[in-house]
Amino acid sequence: MKEVNIIDTLKELYAKKGFICDMDGVIYHGNRLLPGVKEFVDWLYKEEKEFLFLTNSSERSPKELQQKLARMGLDVDESHFYTSALATAKFLASQSPKCSVYVIGAPGLVNALYDAGITMNDTNPDYVVVGETRAYNYDMILKAVSLLQKGARLVATNSDLTGPTETGIIPACRALVAPIELATGKQAYFVGKPNPLMMRTGLRMLGVHSDEAAMIGDRMDTDIVAGMESGLTTVLVLSGVTDLENMQVFAYRPRYILNGVGDIVPK
């Protein structure tokens, strides 16, 4: 694909006051920083743009994400991160204050739920909550199915089916929740992108209106549709799970298609 780096072509993008940016497949693959990311972040700071890393991953807290980027050589304040774990905890606390949950997920999700006043319960919880975890096993599926059959409701942090890593594509949250849905006949409520709940929170954190912001992501089915339906200018980067061929199956299109976020930086 020919690199897009002409200032006039990206004039609309440069005028935006705020940027909401996905992380996996956009900023890094696993523990590998993607090309052009440091230059892009430097540009955001230089141009005094408001920006937020809005990730569907629920494994890590904002502090852990900050530290992960620091290990890669990026110094970004903790306030610039918002995760689907935080969005899920906020949703549950608003729906059912002081509810209890059975969680299949990593510490980032568990801690977000605790901080929202939600307790853990593997006997008669109000909700079964599913997020990404590398400790996923058959016993967890059995427990979740049993609890849902007893009346618990099913919530998942995001609808990503797969995610990019430095070694290739791996199953993500939707793939983990699917066996539970199939076994119970119950459909999960997905809180993360493209759910407008998460996008509205992101815009409030930025302090900008939707038409003053851009959404940058690597997924058509979460990032781009979320930005489009929320009124943001959309930027698809080809550094993650989407390429030009599989983009064609979707009825909608991003405003911009770039190789990576480094293409945004004026040359």
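Highest mean first, the peptides 211-221, 64-74 sorted by other C-beta atoms within 10 Å per residue fall in the order 211-221, 64-74. Dipole magnitude for the range 96-190: computed about the Cα centre from +1 point charges on Lys and Arg Cβ and -1 point charges on Asp and Glu Cβ, it is near 280 debye. Since only 107, 125, 136 are under comparison, the one whose Cα sits farthest along the positive direction of the charge dipole of the range 96-190, derived from C-beta charges on Lys, Arg, Asp and Glu, is 125. Just the protein heavy atoms count here, and of the accessible area of the chain at 1.4 Å, carbon and sulfur take up 51 percent.
Rolling a 1.4 Å probe over the protein heavy atoms leaves residue 57 with an accessible area of roughly 20 Å². Average accessible surface for the chain: 45 Å² per residue, computed with a 1.4 Å probe over protein heavy atoms with every protein chain in place. Computed about the Cα centre, the dipole magnitude for the chain is approximately 520 debye when only Lys and Arg (+1) and Asp and Glu (-1) carry charge, each at its Cβ. Only beta bridges with both residues in the chain are counted; by DSSP, about 15 percent of them are antiparallel. Relative to the Cα centre, the charge distribution of the range 131-267, modelled as +1 at Lys and Arg Cβ and -1 at Asp and Glu Cβ, gives a dipole magnitude of about 520 debye. Highest average first, the peptides 148-156, 18-26 ordered by how many other beta carbon atoms sit within 10 Å of their residues are 18-26, 148-156.
Each helix, a run of at least 4 DSSP H residues, gives -39500 (n - 2.57); summed and divided by the residues of the chain, these come to -9500 deg cm²/dmol at 222 nm.
The values are calculated or read from the model by the stated rules, or taken from the named source; none is laboratory data. If you're wondering where the values come from, they're calculated on a predicted model, not measured in any experiment. Note: ideal-geometry Cβ built from the backbone for every residue, glycine included; neighbour counts use all protein chains shown. For the accessible areas, the whole protein counts, side chains as well, though only heavy atoms, and no ligand, DNA or RNA atoms are used. Shrake-Rupley method; radii C 1.70, N 1.55, O 1.52, S 1.80 Å.
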